[in-house]
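*Asks:* The structure that follows is given in the form of structure tokens.
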Amino acid sequence: MVIQSPTRRQAILFASIPLIALYIIFTLKLHQLVPSISTWPTLSGLARHKLWVWTTKKAQQPHGHDHPGQEYARLASSTTRRPFSRHIVAVGDLHGDMPNARRVLRFADVVDDHGDWTGNVDFLVQTGDIIDRRDDTILLFLWMEKLREQAHKAGGTVLSHLGNHEWMNALGDWRYVYPSELKTFGTIAARQRMITTGRIGRAWATNYTTATRLPLHPSLGPVNTPYPPHSSLSLNVQKDDEEFHWRSGPDSDPDHIYNHNPIHHHGSQHDEKEKIDPLSHAAFSFVHGGLSPTYHELTPFPSRINQLSHSLLEKVQNRPQPPPHPPHPYHGLPHGATPAEHRLYDANGPLWYRGWATESDKTVCSQVDDVLRKTGTRRMIMGHTPDFHNIKSRCNGKIIIIDTGISHAYGGTLSALSIHYTLEPVGSDPSSRSWREREVVSALYPDRREVIVSDERVIEGDFHLVH
Ligand SMILES: *[C@@H]1O[C@H](CO)[C@@H](O)[C@H](O)[C@H]1NC(C)=O
């Protein structure tokens, strides 16, 4: 081919410059230096993409040669009534033992052999007491932040709780700090800094709570949507769940307002609502110690507890740090702590309460329903009181205690709790409002899995997926 005109020759030359540039970039592998270029489509990537489009199309095709009307019905129902599933893994007290924590999250399929998030669970819940009794405090807290980040990128969530031991350390009660653990921080002052204004302390303040209400289904709203939903306290839950404002202003007494809450007084209205909305209590609560039936600040749950936790931690972390006990005397809560903040940290509060583990079956099973009703939950999950053999389920799994002494400090049992929740449309009729709800709760151990709860029922309703 002969190129006659100089302008055409120029045009061809210019058009080939980008191609030459690309050739140079890829032969010298320069694209790998720049992350945004390294994700440029490759041939195999394109092929995979194609394959994926093809397979989903194929999966949507109805089987056999049905009547066109039936075909339409099946497609309509598959688009409007899609099945939903959620997988939650919870682990209890870790007490400074990184190798055992890694083992547990590995066999629960939360992390891979490198300790990285697998993406195979939707939620990881840790119920507090990561600190004390062993040396791996720094490693464990930094690992949790890494997992939180990795989970977030993969569409998962890590929910972390402050246990009584995190609070003890923040308060200068260092009775369970090993001398070898202190060495990992360097000095007492360095350790105090790290758990107040340093990396660990900031993580506690921003990414840890004292209580969680975790919905099984998205129609209940995001994690930590307060219950009851229409409490006159009108908490404005923001996107990051823990931030909220009392509309009534900081000086008014929330207890006073709550006692005038119409929902509180008209129990029958409340029960009526539960009948209309069968998923209103499709959520679990998580705290370190337990939600005592006589604890004053159960509702709105969990926002009231977390508001107290947030305000108390701020006071504790921002005071001049008292010299640690022992050998110095224990200083207790800051002078400015309110009565409600004192109740948060006392023996009947969510950090220390042991009644659900220690009282008789008769007692706990007669008390549990009231707490579940108030907190808008089906089951309560907690750590704190170890059983060195098993995860403990009481009152048909309404109370589940997951502290098995995972740390070498106890030489207990490695365990995790696994929760599989599914909601599937019943039948193919698009106008049907029936769904099959399944809830399987199992205790996982290195060598076995024990089913604690396996519930299945058909419920009626329109459960749209809200994302
Ligand atoms: C809290 O978690 C977020 C999300 O993973 C992370 O980006 C942030 O650094 C964490 N905050 C602290 C203080 O560790």
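The values are calculated or read from the model by the stated rules, or taken from the named source; none is laboratory data. Remember, predicted model here, so these are calculated numbers, not experimental data. Cβ atoms come from the backbone with ideal geometry, glycine included; neighbour counts cover every protein chain shown.
*Asks:* Can you name the residue in segment 100-156 that is in a helix (DSSP H, G or I) and among the basic types (K, R) and is also nearest to the ligand (Cβ to nearest atom) among such residues?
*Replies:* By that ranking, first place goes to R148.
*Asks:* Being hydroxyl-bearing (S, T, Y) and under 23 Å from S280 (Cβ atoms) is the filter; apply it to segment 208-225 and report the residue that is nearest to the ligand (Cβ to nearest atom).
*Replies:* T209
*Asks:* Which residues, taken from segment 185-214, are among the hydroxyl-bearing types (S, T, Y) and surrounded by 19 or more Cβ atoms within 10 Å (Cβ to Cβ)?
*Replies:* Correct list: T196, Y208, T209, T210, T212.
*Asks:* Between a residue in segment 134-148 that is touching a residue at least 60 places away in the same chain (Cβ under 8 Å) and more than 14 Å from G163 (Cβ to Cβ) and any residue that is within 13 Å of the ligand (Cβ to nearest atom) and not aromatic (F, W, Y), which pairs come within a Cβ distance under 6 Å, given they are 6 or more apart or on different chains?
*Replies:* Cβ pairs passing all conditions: E145/A203.
*Asks:* Another question, then. Is it the case that S442 is surrounded by 16 or more Cβ atoms within 10 Å (Cβ to Cβ) and at pLDDT 95 or above?
*Replies:* yes
*Asks:* Confirm whether D429 is surrounded by fewer than 18 Cβ atoms within 10 Å (Cβ to Cβ), free of Cβ contacts under 8 Å to residues at least 40 places away in the same chain, of a type in the set (D, E) and over 28 Å from Y353 (Cα atoms).
*Replies:* No, not satisfied.
*Asks:* Please go through segment 89-99 and pick out each residue that is surrounded by fewer than 24 Cβ atoms within 10 Å (Cβ to Cβ) and assigned to a strand (DSSP E or B).
*Replies:* V89 - this is the single residue of segment 89-99 that is surrounded by fewer than 24 Cβ atoms within 10 Å (Cβ to Cβ) and assigned to a strand (DSSP E or B).
*Asks:* For segment 157-189, which positions are within 16 Å of the ligand (Cβ to nearest atom), assigned to a helix (DSSP H, G or I) and over 18 Å from D97 (Cα atoms)?
*Replies:* Result: A170, single match.
*Asks:* Any idea which of (1) among the β-branched types (V, I, T); (2) part of a loop (DSSP other than H, G, I, E, B); (3) free of Cβ contacts under 8 Å to residues at least 24 places away in the same chain is the one V440 doesn't satisfy?
*Replies:* (2)
*Asks:* Pairs under 9 Å by beta carbon, first residue under 17 Å from K146 (Cβ atoms) and of a type in the set (G, A, S) in segment 193-204, partner assigned to a helix (DSSP H, G or I) and within 8 Å of the ligand (Cβ to nearest atom), six or more apart or different chains?
*Replies:* Cβ pairs passing all conditions: A203/E145; A203/R148.
*Asks:* Among the residues of segment 190-207, which ones are within 11 Å of the ligand (Cβ to nearest atom), out of contact with any strand residue (DSSP E or B) (no Cβ under 9 Å at 6 or more places or on another chain) and of a type in the set (A, V, I, L, M, F, W, C)?
*Replies:* Those that are within 11 Å of the ligand (Cβ to nearest atom), out of contact with any strand residue (DSSP E or B) (no Cβ under 9 Å at 6 or more places or on another chain) and of a type in the set (A, V, I, L, M, F, W, C): I200, A205.
*Asks:* Of all the helices (runs of 4 or more DSSP H) wholly in segment 290-371, which have at least 3 residues that are polar (S, T, N, Q) and touching a residue at least 12 places away in the same chain (Cβ under 8 Å)?
*Replies:* 303-318
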